[in-house]
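Heads up, the thing below is written out as structure tokens.
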Number of protein chains: 2
Amino acid sequence: METRTRIVEAALETLKRDGFAGTSARAIAAVGGLNQALIFYHFGGVNELLLAALDETSDRRMARYRDVVDGVQTLPELMAAAAAVYREDLESGHIKVLAEMIAGASSAPELGPEIVRRVEPWIDFARDAIARVTDGLPITVPVPAEDAAFAIVALFLGIELLTHLEGDTSRAERLFDLGSGLATMVALLVGPATGPAKEVN
Amino acid sequence: METRTRIVEAALETLKRDGFAGTSARAIAAVGGLNQALIFYHFGGVNELLLAALDETSDRRMARYRDVVDGVQTLPELMAAAAAVYREDLESGHIKVLAEMIAGASSAPELGPEIVRRVEPWIDFARDAIARVTDGLPITVPVPAEDAAFAIVALFLGIELLTHLEGDTSRAERLFDLGSGLATMVALLVGPATGPAKEVN
DNA sequence: GTCTATACTTGGATAGAC
DNA sequence: GTCTATCCAAGTATAGAC
């Protein structure tokens with residue numbers, strides 16, 4: 001395994017375990033069994049490494065989200081897909097890393113714009129997915145996809161913060177079950193023809 | 001102004017501006033124009049001070065939320081009230097402080113349980129407010145107040161993270177306008193008699 | 001209760017040997 | 001490209017004068 005990769009993996013691991021405030025060059029090196037000087041040789045500094053790590057997890061998860069979500073055409077399917085991938089995220093720690101980086105940006109303002117650039121694709125992705133399934137509905141949804149997408153990303157970040165704080169995923173799980181149930185309900189009410197309610201009709 | 005109070009205010013100010021990672025004893029002292037040693041004399045350590053600061057902002061905001069929300073009986077009123085107080089929060093920075101403390105807890109595990117104890121009252125408060133207005137509706141809402149409350153608190157935290165990151169409150173504003181509109185719609189649809197739709201009926 | 005001084009630790013960063 | 005050694009800045013914490 002290449003050194004650059006090992007450093008990035010160690011950085012991700014440290015961000016997940018110790019948060020932004022606990023992710024020092026020395027801590028990362030210890031986690032990865034690496035020499036601390038390598039971080040500066042390969043990345044120039046800790047913040048640059050953290051951005052590279054964010055890129056890595058973001059790309060990885062985005063590919064996975066596309067796999068799961070791109071085929072989806074109905075609201076209940078989208079909810080089910082979102083719940084499934086988010087469960088993976090809680091384990092993979094991707095959103096934890098994102099949340100820590102966003103919170104940490106306050107102490108290193110130069111990170112702000114860089115992180116913004118890495119968050120926007122996620123809001124765009126959510127917007128497109130939402131637009132796709134709501135376009136399929138026989139009614140006009142009174143929530144612009146753009147706003148719904150912002151809310152969903154915010155909600156995911158907040159759930160991650162609370163779930164990790166409480167060390168308990170049960171509330172998040174219940175929320176996703178609830179969402180799936182609601183989406184199915186909505187689909188049944190407004191447009192059985194395009195939803196999974198096809199069997200019912 | 002008493003020293004303890006000045007230290008707490010400086011700690012809040014620093015948390016808002018520089019985040020958890022940037023909130024050192026020295027930084028707090030500089031912000032408050034205080035001697036750094038006073039923090040240890042009065043609070044024993046930085047983390048203890050931060051918890052005291054969280055108590056302070058939490059108590060202050062909780063009193064305000066109670067003022068605004070306790071009289072509310074309908075869903076649209078609750079949405080309007082929530083939007084109004086949350087706008088204050090974005091300015092007062094209360095939720096910013098909370099989000100930073102939660103994110104920072106990963107680097108100081110002993111903070112975790114203490115912060116949990118300070119977050120729970122907010123979920124309970126939201127649950128009670130939601131339960132009150134949904135009990136007034138003529139239909140049974142398919143979302144347990146407990147789950148809705150968890151989602152709302154998570155959403156607030158996430159919106160704060162994104163809003164502060166982007167340095168732009170417009171998306172949050174639009175979301176609250178949207179929420180108010182939706183709540184009014186729901187009230188009109190399911191139960192004009194108990195909502196502000198009284199005039200319409 | 002407050003300030004100065006200081007001890008000690010941790011973190012970012014680099015020079016230079018290998 | 002990697003490791004050792006090291007410098008310097010920043011952080012926590014305390015002792016002791018005032």
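Among A:146, A:166, A:160, which is the only one that is surrounded by fewer than 18 Cβ atoms within 10 Å (Cβ to Cβ) and not aliphatic (A, V, I, L, M)?
Every option except A:146 fails the conditions.
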Looking for something within 14 Å of another protein chain (Cβ to nearest Cβ) and among the acidic types (Asp, Glu) - is there at least one such residue anywhere in region A:15-27?
yes
For region A:96-116, state whether one or more residues are in contact with a Ser or Thr (Cβ under 8 Å, 6 or more places away or on another chain) and either modelled with pLDDT under 95 or of a type in the set (A, V, I, L, M) (or both).
yes
Six or more apart or on different chains, Cβ atoms under 6 Å: show the pairs whose first residue is in region B:53-73 and aromatic (Phe, Trp, Tyr) and whose second is assigned to a helix (DSSP H, G or I).
B:65/B:85
Residue check: is residue A:91 within 12 Å of chain B (Cβ to nearest Cβ) and under 24 Å from residue B:103 (Cα atoms)?
no
Report every pair of residues separated by at least 6 positions or lying on different chains whose Cβ atoms are under 9 Å apart, first residue within region B:4-15 and touching a residue at least 60 places away in the same chain (Cβ under 8 Å), second basic (Lys, Arg).
B:15/B:96
Report yes if some residue within region B:96-112 is surrounded by 15 or more Cβ atoms within 10 Å (Cβ to Cβ), hydroxyl-bearing (Ser, Thr, Tyr), assigned to a helix (DSSP H, G or I) and within 12 Å of chain A (Cβ to nearest Cβ); otherwise report no.
yes
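Residue A:80: crowded, with 20+ Cβ neighbours inside 10 Å, away from DNA strand D (no atom under 16 Å from the Cβ), part of a helix (DSSP H, G or I) and not basic (Lys, Arg), yes or no? Don't jump to the end; show me each part of the working.
On the way: crowded, with 20+ Cβ neighbours inside 10 Å: no; away from DNA strand D (no atom under 16 Å from the Cβ): yes; part of a helix (DSSP H, G or I): yes; not basic (Lys, Arg): yes.
So residue A:80 fails the test.
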In this structure, is residue B:93 in contact with a helix residue (DSSP H, G or I) (Cβ under 6 Å, 6 or more places away or on another chain), touching a residue at least 12 places away in the same chain (Cβ under 8 Å) and either surrounded by fewer than 18 Cβ atoms within 10 Å (Cβ to Cβ) or under 20 Å from residue B:176 (Cβ atoms) (or both)?
yes
Restricting region B:32-50 to residues that are away from DNA strand C (no atom under 13 Å from the Cβ) and surrounded by fewer than 20 Cβ atoms within 10 Å (Cβ to Cβ), which is farthest from residue B:105 (Cα to Cα)?
B:45
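The values are calculated or read from the model by the stated rules, or taken from the named source; none is laboratory data. Treat the numbers as computed from the prediction; the structure is a model and nothing was measured. Ideal geometry is used to build each Cβ from the backbone, glycine not excepted, and the neighbour counts take in all protein chains shown.
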